[in-house]
Amino acid sequence: MSEYVKIPAVLMRGGTSKGVYIMMSDLPEDPALRDQVILSIYGSPDIRQINGIGGADPLTSKVALIAPSTRDYVDVDYTFGYVGIKDAIVDYDGNCGNMSSGVGPFAIAKGLVPIEEPITRVRIYNTNTNKVIEVSVPVKDGEVVTEGDYAIAGVPGTGAKLSLNFLNSAGSKTGKLLPTGNVVDTITLKNGKEVRVSLVDAANPSVFVKADDVGLTGKELPADTETNPDILDMMEDIRTTAAVMMGLAKTKETTSSAVPKVAFVAASQDYFTTTASTVKAEECDLLARTKAMAVMHKTYAVTGGICLATAACIEGTVVYEVVRAQAKETGEVRIGHPSGILEVFVNIKKLPDNKWALLQAGVCRTAKPIMEGVVYVPKKLMRE
């Protein structure tokens with residue numbers, strides 16, 4: 001094993017995602033070299049990621065980099081990265097709410113946070129969005145509790161409930177809740193069709209379109225994109241056009257693969273999940289389908305869910321037009337996605353001059369450590 005450097009790592013499921021959590025201090029300081037090491041750990045670029053820990057899926061090709069924080073009232077700094085599967089790139093343009101849920105347990109286990117029982121609150125500074133996330137982690141006898149009776153769609157079984165509060169999450173990348181100043185904009189697709197969209201930036205910037213405006217039902221599943229790849233092409237067309245409008249890219253061709261998010265939405269209705277179980281219309285407040293890098297998301301991203309719930313409560317957006325009235329009033333939004341339901345809570349207030357303030361955004365997740373040890377990285381990478 002003399003050809004390798006051993007790097008400590010914890011493989012963990014956070015929400016509906018999975019990846020390694022690594023201390024930033026155990027990686028090279030040079031960003032380019034650091035990314036080469038991360039790509040080696042995951043076995044990228046390779047569609048199978050056979051030479052690393054990646055699971056050949058966007059939801060399992062994610063990394064969390066952790067460091068003690070010197071910022072006031074913050075415990076740890078957290079940098080999230082999408083690790084390319086076919087491409088040799090680590091994309092840091094956006095955050096992942098699911099991976100965020102594992103940061104608190106990881107930080108406690110590493111001794112980075114003073115333990116308070118029965119709940120230890122970990123304040124996390126996300127460097128991708130320059131926002132703070134507070135995670136409430138159950139603790140007993142000085143250790144993180146992972147077993148419990150809380151279930152989330154897309155993960156078998158149950159676990160201990162982790163409550164996440166995304167503080168001041170408006171304008172995560174653009175600095176504005178409504179990047180164009182409008183609740184609805186019109187864009188022109190490559191085929192010449194004009195569609196109404198809403199561009200919102202909360203936790204992660206997103207663009208929303210009504211499913212029936214683009215010839216869809218809102219009940220589509222990932223498998224449907226295999227027989228109809230035009231769905232993904234259309235979503236990418238909308239996403240890259242929105243990126244330019246939001247100031248996130250100069251051209252459609254230079255748009256990050258991570259942000260903005262894109263989703264099509266529809267009014268609640270009965271639908272089948274990826275496991276062929278039925279979700280009744282009354283169990284959700286709207287339906288939504290989004291992308292995870294180049295494929296349809298098997299569930300729904302937490303940060304995307306926060307943005308969606310925020311849009312649902314802003315009068316005039318395309319999401320507001322399809323969501324149940326009760327959700328608009330309470331801020332408690334149940335999102336029907338391919339694997340089931342994601343529940344998100346937002347507290348949003350309308351200000352004078354038709355402006356809005358996002359006061360609070362929360363979601364509950366579970367997390368589970370899977371394996372702790374070292375990953376082997378070729379020494380030659382560490383010297384380049």
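Things worth noting here:
- Those residues of the stretch 164-194 which are outside any loop (DSSP other than H, G, I, E, B), touching an Asp or Glu at 6+ places or on another chain (Cβ under 9 Å) and either surrounded by fewer than 19 Cβ atoms within 10 Å (Cβ to Cβ) or among the charged types (D, E, K, R) (or both), in sequence order: Asn165, Leu167, Thr186, Ile187, Thr188
- For the stretch 78-107, residues that are over 14 Å from Asp35 (Cα atoms) and in contact with a helix residue (DSSP H, G or I) (Cβ under 8 Å, 6 or more places away or on another chain) total 8.
- The lone exception for Leu189 - which of (1) more than 27 Å from Glu315 (Cα to Cα); (2) in contact with a helix residue (DSSP H, G or I) (Cβ under 6 Å, 6 or more places away or on another chain); (3) of a type outside the set (Lys, Arg) it fails: (1)
- Leading residue by the ranking (surrounded by the most Cβ atoms within 10 Å (Cβ to Cβ)) among those in the stretch 293-318 that are of a type in the set (Gly, Ala, Ser) and either part of a loop (DSSP other than H, G, I, E, B) or touching a residue at least 60 places away in the same chain (Cβ under 8 Å) (or both): Gly304
- Selected residue [assigned to a strand (DSSP E or B), among the acidic types (Asp, Glu) and at pLDDT 95 or above] from Glu343, Glu321: Glu343
- Residue check for Leu11: more than 11 Å from Met382 (Cα to Cα) and assigned by TED's automatic domain parsing to the domain that holds Glu372: yes
- Ala258 assigned by TED's automatic domain parsing to the domain that holds Leu286, of a type in the set (A, V, I, L, M, F, W, C) and more than 17 Å from the chain's Cα centre (by Cα): no
- Only a single item in (1) in contact with a Lys or Arg (Cβ under 8 Å, 6 or more places away or on another chain); (2) of a type in the set (A, V, I, L, M, F, W, C); (3) modelled with pLDDT of 95 or more is not met by Ala301, and it is number (3).
- The residues of the stretch 266-278 that are outside any loop (DSSP other than H, G, I, E, B) and either buried (at least 20 other Cβ atoms within 10 Å of the Cβ) or among the β-branched types (Val, Ile, Thr) (or both), listed by number, are Ala266, Tyr271, Thr278.
- Residue, nearest to the chain's Cα centre (by Cα), within the stretch 354-379, restricted to residues that are in a strand (DSSP E or B) and of a type in the set (Val, Ile, Thr): Val363
- Total residues in the stretch 342-356, condition in contact with an Asp or Glu (Cβ under 8 Å, 6 or more places away or on another chain) and either charged (D, E, K, R) or in contact (Cβ under 8 Å) with a residue 60 or more places away in the chain (or both): 2
- Qualifying position, being of a type in the set (Gly, Ala, Ser), in a helix (DSSP H, G or I) and closer than 23 Å to Thr317 by Cβ, among Ala243, Ala263: Ala243
- Apart from one condition, Gly148 fits all of (1) modelled with pLDDT of 95 or more; (2) in the same structural domain as Ile335 (by TED's automatic domain parsing); (3) of a type outside the set (A, V, I, L, M); the exception is (2).
- Residue in the stretch 237-255 that is farthest from the chain's Cα centre (by Cα), counting only those that are of a type in the set (Val, Ile, Thr) and crowded, with 17+ Cβ neighbours inside 10 Å: Thr241
- Qualifying residue in the stretch 133-142 (condition: small (Gly, Ala, Ser), surrounded by fewer than 22 Cβ atoms within 10 Å (Cβ to Cβ), touching a residue at least 12 places away in the same chain (Cβ under 8 Å) and out of contact with any strand residue (DSSP E or B) (no Cβ under 8 Å at 6 or more places or on another chain)): yes
- Cβ-Cβ under 9 Å pairs, at least 6 apart or on other chains, the stretch 357-368 side without any contact (Cβ under 8 Å) to a residue 60 or more places away in the chain, far side of a type outside the set (Asp, Glu): Leu359/Asn168; Leu359/Val346; Leu359/Asn347; Leu359/Ile348; Leu359/Lys349
- From the list Gly218, Gly247, the one residue that fits, being in contact with a strand residue (DSSP E or B) (Cβ under 8 Å, 6 or more places away or on another chain) and on the phi > 0 side of the Ramachandran plot, is Gly218.
- Hits in the stretch 364-378 (condition: under 12 Å from Val20 (Cα atoms) and in contact with a Leu (Cβ under 6 Å, 6 or more places away or on another chain)): Ile370, Met371
The values are calculated or read from the model by the stated rules, or taken from the named source; none is laboratory data. Since we're looking at a predicted model, the values are computed, not measured. Here the Cβ is made from the backbone with ideal geometry for all residues, glycine too, and neighbour counts use every protein chain on show.
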